[in-house]
Structures are given as C-alpha cells and as structure tokens.
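To start, the structure itself, in structure tokens.
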Amino acid sequence: MPHRAAIGLSLSLLVFIACGGATTSGITTESDGDGGADGATAESDGGTTTEGGATSAADAAAIQLTLMSLPVGDGKYGAAPKKGYIYSCQQSFMGGGGAFKDGPWIKGDGTFDFTAKVVVQGMNAWPNHTFAADVTGGTRAVTGNGLPDHMTGTYPIAQADPAYQYDRNPNSVQAQSIAWSLAATPTVSATTTCLGGGPIGILLTGSVLFDALDAEGRDAVAHETQDLCQAHPEKSGEYHYHSIPTCLPDPGADHSALLGYAKDGFGIYGVRGEGGKTLTNDDLDECHGHTHVVSWDGASVSMYHYHATYEYPYTLGCFRGTPIK
C-alpha cells in the first residue's frame, strides 16, 4: 500500500497541510459532494540547510513528527468567527459520500498520522491546463479551466486501488470554466464573511481550493483519501484541494511565497511567517491571516494576507475581505 511517508522530507513534504516547501508527492482528501514564488532554494541531498535557505535536517525531522500527530478537526466549525475554527455558512451537514470508513492513520487519541495516509493511485497529466491571473487597473482577472499543472490520481477510484477500502469517489476530473474578477488591491471589511462550501480560492496550480470541511462536516484532510497532490474531484468533476498541496513549491527559508488567491482577493501564503517562523493558529486571526509587509505584484506592500498551517483549518477560517459571488 503506498503511503505518504515515502515522500522525501523537506519543507515540501509539508506543503500539503501547511504549505511549507517543494515536494514530489503527498496526500489529502475530500468527499464526493462537498460543498509566484519569492526566493530560490538550494538544498543538499541530505536535506541540510545550505546557503540558499533549504530546510535543515532538524527542521525536516520536526515536520515529520508534526505530521505524524495532527489533531483531527472534527466539529470545529460554527456560526461565528473563532480562531482555529471554520466560520461556516452551513451548520447542518446531511452527508454526501466521501470516505465511508476511517483509515488506520486516524488514531484513538484524537489525532491522525498524515504520513501514513493511503494515496489514490495514478499519474495523469493535463496538457490542456490553462491558468492566468492578470492585473488590469484595479482588477485581477483570474481565468482558466480548473485543471492542474501537475499530475493527478486516477478517478473514479478503481476497485483495485487500496484507497477504495476507505473512499470510493465515483467522480472524474473535468475541465471547468473559471472567470473571476478579484480586487487587485483588496481591503479588509468591517465584518467577516462565512465560508459557504465550494471554492474559497484558487492556487497557482490552476485548481481551486475548498475549505477544510467534507460533506459531512468532518475534517476532510484527516478523513478523505486523495491523490499524490492532495486533491480529488467533486460531483461536477471540479478538481480541488482542502489544504495547500505538496505539488506547489514554496522555496526558501524566509517568509513563504504567494501560493494563490482567496475569493476576496487577498493572497494565500505558505506556512512560514516573518523571519521564516513556522506559523500556528495562535499566530493568526480567526480568518487565518495577519498583516505585515509581503511581496505583492512585484512590490513590498504592508497588507493583510492568509497563511496555511499544519493544523486545522489548514487555510482560511473565514473571509476577511468581501468575496466575489
């Protein structure tokens, strides 16, 4: 059975749940019906820190230990913003497919071992992938067909695939029509906005990001099985993530790179904050972001932005700006 633990251990391996560094494979999961890098990295074969700012062996070991004992986020959603929770527009979940059986990576102490998750098999390329995020005046036009610039697993999940024992996603990956008009210079709203299921943003891979909930209101990253880039299709064929995938590089040892855009226009960055500090929920607000100087469209700008973390809710907890419909 292929496990995530086979992945090379660099800050990349972690990109999945937190968006830490460049990696080659990984896993995450979701239910069938749910709702520009800055800085180059030089890394030695042994994973030790080099002049370019790669992950050190000690950091890689710490990441591995973190991934082996992540708290399951089940039940951490509500009708108001709260740090470490999802401010969900939906409070009642009726189910809708997805993982029907917990895998052995979910432990009895309320944690799960991400490195032990089964990965949906397959290596499928999408040469017709398209994606652009062009700024004209005050608007960022995000367009594409929703297909990623990386390999995906084979969907529907085949009966011979070990992942079929836990999650029988019957959907296939299908091209979509994405045409979003985001504010190029978004502003913080006086009030926050709940996450309503479906896309909450788009990553630089060209595929969309969902929040951390599956169709049953569970922690999708803990329960669902996904492919080597931690994604899968929902019922309309929309390929999506519930966390930042390992297939999206985040090089360097300082502040993480821009990895995508939320639907309110704010940037989504990796797991590292100022000075390269690995961020936790405690470092961020209830929407999973904060304000300081970041690289934004080629300039250094003090602005609000979101971060990924290793822990639930992994990316956004709510919208701090005004999301597009």
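Taking a ≥ b ≥ c as the square roots of the eigenvalues of the Cα gyration tensor, segment 56-166 is classed as rounded, since a/c falls below 1.5.
Taking 0.36 nm per residue of separation and subtracting the current Cα-Cα distance, fully stretching the chain between His290 and Lys325 would add 10.2 nm.
The alpha-carbon of Lys101 sits under 18 angstrom from the alpha-carbons of these lysines, leaving out residues fewer than 8 places away in its chain: Lys117.
For the pair segment 177-217 / segment 75-149, the C-alpha centres are spaced 11 Å from each other. For segment 162-185, backbone nitrogen atoms closer than 18 Å to the point 7 Å from Thr136 Cα along Cα-to-C-beta are found at 178-185. Directionally averaged projected area (segment 143-210, Cα convex hull): 6.6 nm².
Our estimate of slack between Asn124 and Ser92, defined as 0.36 nm per intervening residue step minus the Cα-Cα distance, is 8.0 nm.
Rounded to the nearest 0.05, the FRET efficiency derived from the C-beta distance between Ser172 and Lys101 at R0 = 25 Å is 0.65.
Shown is the FRET efficiency for Thr191 and Glu274, computed with R0 = 35 Å from the Cβ-Cβ distance and rounded to the nearest 0.05: 0.80. Once the Cβ-Cβ distance of Gln159 and Ala299 is raised to the sixth power relative to R0 = 35 Å, the FRET efficiency obtained is 0.10.
Quick note: the coordinates plus some simple rules give every number you see, no bench work behind them. This structure is a prediction, so every number in the text was calculated from the model and none was measured. We place every Cβ from the backbone using ideal geometry, glycine too, and count neighbours over all the protein chains shown.
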